[in-house]
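A.B. asks: There's a structure below that I have some questions on.
Laboratory data are not the source of any read-out in this text; all were calculated from the coordinates shown. In this text the structure is predicted, and so the values were computed from the model without any measurement.
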Amino acid sequence: MKKSFENWLWEDLEIEFGLAQNALPELDVWLDETVIITDIEREQLQKLSHNFNKYYKNWNEDELKMQFIAPLLLIVDYYVGAYMPFSQRNLSVVVKDWEISGRVDWMLSKGKQTPRKPYFFLHEYKREVSPDGDPQGQLLAEMFAAQQLNQDNLPVYGCYVVGKDWTFMALRETYYAVSRPYQANEKPDFEVIFKALKKIKTLLPL
C-alpha cells in the first residue's frame, strides 16, 4: 500500500504504527529559551517582525514562505558542519506493508547533494484542518519516515506553520510530543520561535 505524507492523519499513524502522543523531555529542552539572540540577529528580527505584523493577513501561502519563513531561516543560518537545508525534496520509506512518501517543504539533513539523514522538518500548511489532511499528521508522517530511514534511535524534530501559528514537535521511538502554537505576531512568542529554530543546530547528532 502506498500513501503520501499529505494524506496521513495523526490518528492513522497511531493505529498503523503504534505511535502515541506523550510528554517528551526532548521537546522541553528544545523550547527552554536558553539560546542567546545577538544584537545583529535582534535588529534583523525586528525588521522582519515589523513587515510580518503589517502584511501577513494579506499574504498567500507562497508570500508567507518567501517574505517571512525564508528570511527567518536565513537569519538562523543552517549551513553547519555536515548538515544542509533542503527544500522540495522527495523522501520515501517502506514500513510494514506501507510505502510512505512525498515531497518535503523543508528539512535539515546530513548530505551535500541529497538529504541522507534528516533530523528537522519544517512544514508550511494553509489551514489547520482541511478535507485534504491535517498539518500535524503530515509533519508526523515525515518525521516518522525519517526515523525509519535513519535507524539510529535518535529523536527527530519538526515544526508546522499555519499563518501566524508555529507548532513544534519531537518524535522519539514510538512517542511524539506537540507544543502549543506560538504566534509569530506576538513578540514573546516570536522570540521563542527564533530561539527554537536556532537551538535545533545544537541538538543535531555529530
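A.B. asks: Over all directions, how big on average is the projection of the convex hull of the alpha-carbon atoms in segment 6-72, in square nanometres?
C.D. replies: Directional mean of the projected Cα hull area for segment 6-72 stands at 7.2 nm².
A.B. asks: Turning to a different aspect of this structure: Tell me the mean residue ellipticity at 222 nm calculated for the chain from its helices only (DSSP H runs of n ≥ 4, each -39500 (n - 2.57), averaged over every residue, nearest 500).
C.D. replies: -11000 deg cm²/dmol
A.B. asks: Using all alpha carbons of segment 2-203, what is the percent of pairwise distances in each 10 Å bin, ordered from the shortest bin to the longest?
C.D. replies: With a bin width of 10 Å, the distribution comes to 8, 37, 38, 15, 2, 0.
A.B. asks: Follow-up. Could you pull out the pairs from Lys54/Lys110; Lys2/Lys199; Lys3/Lys187; Lys65/Lys201; Lys112/Lys187; Lys117/Lys198 whose alpha carbons sit more than 27 Å apart here?
C.D. replies: With Cα atoms farther than 27 Å apart: Lys54/Lys110; Lys2/Lys199; Lys3/Lys187; Lys112/Lys187.
A.B. asks: Where does the Debye-calculated log10 I(q)/I(0) of segment 84-191 sit at q = 0.11, 0.20, 0.21, 0.23 Å⁻¹, using only Cα point scatterers of equal weight, no solvent?
C.D. replies: Ignoring solvent entirely, the Cα scatterers give -0.34, -1.08, -1.16, -1.33.
A.B. asks: Continuing with this model, one more query. Which of the aspartates and glutamates could be linked to Lys164 by a straight reach, that is with a Cα gap under 12 Å, when you skip same-chain ones fewer than 8 residues away?
C.D. replies: Within the straight-line limit of under 12 Å, Lys164 reaches these aspartates and glutamates: Glu61, Glu124, Glu128, Glu186, Asp189.
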